[in-house]
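J.: Take this structure, written in structure tokens, and hold onto it; I'll ask about it next.
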Amino acid sequence: MRLILLSLLLLLAGIAHAAPIENKWRLQFSGNAESSGELVLAFTPKDGARTEVRVEVEHRTSENGVARRVRDVLREAIGEDYRVEVDDGEDVLVKRRWGRPRFNVTLVSNSVEGVRLNLDQE
């Protein structure tokens, strides 16, 4: 009985912590690159395969430059099913096109000193 209860609790905890699936995400970058490094993002469509997107960032890249670089790499990685654009200079908007699956974006790792990323569902 305890094993069943423990399994149920673990299942519920996994559901509660599941990454949200949305139709639009805003990636807000702040800070300039104080070192060269790499941002690794995970893009996962609902019921689809996760795609890891690696973005190389050079030392002294501005937050606007980081946003443009992420936009370009994301566009190439996820294709025509999603719109990827820069907004307000330092933000990247990722939107699903009509009829395409909702999706999730997460930050896997960030080795770029000085650059911070905030992910917002919209």
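J.: Would you confirm, using the coordinates I've provided, whether residue 115 is under 16 Å from residue 43 (Cβ atoms) and surrounded by 17 or more Cβ atoms within 10 Å (Cβ to Cβ)?
T.: no
J.: Here is a follow-up. Counting only residues that are of a type in the set (A, V, I, L, M) and farther than 15 Å from residue 26 by Cα, which one in the range 47-97 is surrounded by the most Cβ atoms within 10 Å (Cβ to Cβ)?
T.: That would be 57.
J.: What number goes with the only condition from (1) modelled with pLDDT of 95 or more; (2) not in a loop (DSSP other than H, G, I, E, B) that residue 35 does not pass?
T.: Here residue 35 meets the rest and fails (2).
J.: Mind checking which pairs have a first residue in the range 31-45 that is among the polar types (S, T, N, Q) and a second that is in a loop (DSSP other than H, G, I, E, B) and surrounded by fewer than 17 Cβ atoms within 10 Å (Cβ to Cβ), Cβ under 7 Å, 6 or more apart or different chains?
T.: Every condition considered, the pairs that remain are 32/60; 32/62; 35/59; 35/113; 36/58; 36/59; 44/50.
J.: Here is a follow-up. Count, please, the residues in the range 72-88 that happen to be hydrophobic (A, V, I, L, M, F, W, C) and without any contact (Cβ under 8 Å) to a residue 24 or more places away in the chain.
T.: 3
J.: Got a sec? Which strands (runs of 3 or more DSSP E) wholly within the range 50-107 have at least 2 residues that are of a type in the set (Val, Ile, Thr) and within 20 Å of residue 36 (Cα to Cα)?
T.: 51-57
The values are calculated or read from the model by the stated rules, or taken from the named source; none is laboratory data. What you see is a predicted model; the values in this text were computed from it and never measured. Glycine gets a Cβ as well: all are built from the backbone with ideal geometry, and neighbour counts include every protein chain shown.
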